[in-house]
1. To the nearest 10 square angstrom, how much accessible area does residue 283 have with a 1.4 angstrom probe?
2. Would you list 109, 214 from the most to the least accessible area, probe 1.4 Å?
3. List the pairs from 33/95; 11/63; 5/221; 33/221; 3/221; 33/282 whose alpha-carbon separation is above 22 Å, in the order I gave them.
4. Could you pull the accessible area for residue 248 with a 1.4 Å probe, rounded to 10 Å²?
5. Tell me the accessible surface of residue 116 in square angstrom (1.4 angstrom probe, heavy atoms of protein chains only), to the nearest ten.
Amino acid sequence: MDKEKTGLLIKSARLQKGYTQTELGDILGVSNKAISRWENGDSFPDVGILEDLSNCLDISIEKLVSGESSEDKEEALSELLRIVKIQARDSVRRKIDIISNIIILIIILIRFYFAFVSGKGYSWNFKYDIVFLVICNLILIGSTTRKSLVCEDKRDNQYRIISLITLLLFVVSVVIMIGAIYYLDLLAVYVAPENYGPLLSKILGSITLASIGLFEYEWYKLKHMKKVSASAVFVSVANVFLCISYREWMGSLVTYEDALQSIGVLSISIFIVLIITMVVMKYIQKYGNLD
């Protein structure tokens, strides 16, 4: 099966018939984006609609399967059976990916609620957040280290922009907390002491929500478009737990020295987990085969 050859074949036949991608999609009962993915060689038509596609474009199923003229029906049948197995496997993977995404979101949203909404999370031990971060990372590693999900074009502008924004948010989170400690007296000139904590909490909450949004966007792009780095997904999740830990830490401050020590431990711990996770991911991608 050569998806690129089949894609070019579908595109050529569609143009000869005078169909737009939308019109062909309407005939087959799929979206124009699905047609676009076929023609670009990003995916293969579902086996269930091959007959309709064959009739619509006047192309034999054997030719659709092989991507070129073929008189060997036995070979075409063998290739078709292989495609069926691949699509069945991908279907299971998509379900697993959806479940994985839901589990990670539940963990993140529960922690966000207790840290920023309920106000009852101040007795929380940040070590539990490290555990949750590790759990989320393990789930992500299982999804992002398969060959089919590795980013294909790291020179893509969208890849660069999203990766830059993700990294920038992570850096901003650390800088804000360090600045909040070292320049406390200066900030007191512009912000009343009683408003300092709530303001910082709102800023951290906003960054957390932005990181959650980026994580979902990056996850979608990684699964469907392959235009974003898997590393950006890990950084977004790490930043979520970094901000949550900072917020919980704010409710347990005792002295200035405690603040400096705690902020260092929090930041370094999450950074170490992030680095270890990405090293493991790269190692599995290079030496492992999860397909």
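1. 140
2. Working: 109 90, 214 25 Å².
Result, largest first: 109, 214.
3. Numbers: 33/95 20 Å; 11/63 14 Å; 5/221 24 Å; 33/221 14 Å; 3/221 20 Å; 33/282 31 Å.
Long pairs (Cα-Cα over 22 Å): 5/221; 33/282.
4. 10
5. 40
The values are calculated or read from the model by the stated rules, or taken from the named source; none is laboratory data. In this text the structure is predicted, and so the values were computed from the model without any measurement. To get the accessible areas, we keep the full protein, side chains included, count just its heavy atoms, and leave off ligands, DNA and RNA. Shrake-Rupley method; radii C 1.70, N 1.55, O 1.52, S 1.80 Å.
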